[in-house]
Amino acid sequence: MCRVTELQQAVLAKNDHRADELRARLAARGTTVVNLLSSPGSGKTALLEAELKLACERGVPVAALTADLATENDATRLARSGAPVKQVLTDGLCHLEADMLAAQLDGWLPEATRLLFVENVGNLVCPASYDLGETLRVALASVTEGEDKPLKYPSAFGLAHLVVVTKADLAEAVEFDCAGFLANVRQVNPGVEVVFTSARRGEGVGALLDRAVAAHENGGPAHRPVMATGPQRHGHPHHHHVHEHAH
Amino acid sequence: MHEMSIALAVVGQVETAARVVAGDDTGASAPKARSVTLRVGELAGVVPDSLRFCFELACADSLLVGAELHVETVAGRARCAPCDADWATGLPPDLCCPRCGSGASQLTAGRELEIAEVRWGQPARTATPKED
């Protein structure tokens, strides 16, 4: 005979719960978080710099928080846009968690901020599992990474509310299979919008800002990913019953 | 490699459960865990081998030291409401309906990442177990 507890407890329930708290706290002060996921070198800093600059020109109060394992290079680049920017060094950790984001905001995030863009650690695996309290999750892929990226990283692309293709100006040079990419996105996330951008040429710049503003005004994203309808989202530790029996 | 973060979260939750089982907030009479069973969906984004490796490290100096880890894998399944189709998604998942081609209405399984069961051994500090 040994004692057994059937716990039925979601492992990431604590992070999901903290993310929900942060989302509610930020919503109460009128701030919406946009979580950007991509591989290293996908061009998300270049695109974000262009989007922040545009937001400043349009008078949309934005801020950006950029996470890296090391160096403050990205914050220096983003700050050229004129928006408030903060660098988070994760000290080797491969992803951000809701608690880590919350701790960065106190005393820094300007009160008037409407959109907070979070540039997650460049990694398409680990950040996908962690809700940061965002309203809009965006997965980015550059044309140079190949059209099968969504199939290789189904959680990152499957849970996104918007997919952004970067470096579109290089599509022809690298023989990017656009139709193949769209079919692969649809396989893991049917119905999600895909926008094509080139930060260098200015093509598609503003699309990310427009979708973020819309999510802010509507209080939620326009798309609900199928993968987010799974049974394990937002498990709350206190909702689980702990009972015992003897075997 | 977020499997270490996940392993540490599992250890924290099992230690909390041990105190509940013992009815003791201090943890002085909390039982040690003999084994932990996790239910991991194939679409949960977790690599079981990597999780095993991290679990052993995360258990050091805790009530879980030496505990066995069992992983039950759950296959991905999706459902299409309009035509009532239900299919195995595979990996990478195919979330478009094989019957009508439209997007799935719901993912019914495959994203699980939960502690299913903990088997307890002797209390860590007291010599008189309640059962066993």
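Annotations
- In order along the stretch B:69-76, the phi-based Karplus estimate (6.51 cos²θ - 1.76 cosθ + 1.60, θ = phi - 60°) of 3J(HN,Hα) comes to 10, 10, 10, 9, 8, 10, 6, x Hz; Gly and Pro are listed as x.
- Nonpolar atom fraction for the protein assembly as shown, defined as the carbon and sulfur part of the 1.4 Å probe accessible area, stands at 51 percent.
- Compared with the direct C-alpha span, the chain from A:Asp148 to A:Asp99 gains 14.4 nm at full extension, assuming 0.36 nm per residue.
- Per residue, the protein assembly as shown exposes 42 Å² of accessible surface when a 1.4 Å probe is rolled over the protein heavy atoms with every protein chain present.
- B:Gln122/B:Arg99 FRET efficiency (R0 51 Å; Cβ-Cβ; nearest 0.05): 0.40
- By the rule of a C-alpha distance below 23 Å, with chain neighbours fewer than 8 residues away ignored, the lysines paired with A:Lys152 are A:Lys44, A:Lys167.
- Computed over the alpha-carbon pairs of the protein assembly as shown, the distance histogram in 20 Å steps reads 27, 53, 19, 1 percent, short to long.
- Interface size A-B, as summed buried accessible area [1.4 Å probe, Å², nearest 100]: 3600 Å²
- For chain A, leaving out every one of the trypsin sites (Lys or Arg not before Pro) that falls in a DSSP loop and has at most 13 other Cβ atoms within 10 Å, the longest unbroken run is A:81-200.
- Distant-in-sequence amide contacts of B:Lys32, defined by a placed amide H-H separation under 5 Å and a gap of 5 or more residues or a different chain, comprise B:Gly121, B:Gln122, B:Ala124.
The values are calculated or read from the model by the stated rules, or taken from the named source; none is laboratory data. If you're wondering where the values come from, they're calculated on a predicted model, not measured in any experiment. Positions of Cβ are backbone-derived with ideal geometry, glycine not excepted, and every protein chain shown enters the neighbour counts. Side chains are part of the model used for accessible areas, which takes the heavy atoms of the whole protein and leaves out ligands, DNA and RNA. Shrake-Rupley method; radii C 1.70, N 1.55, O 1.52, S 1.80 Å.
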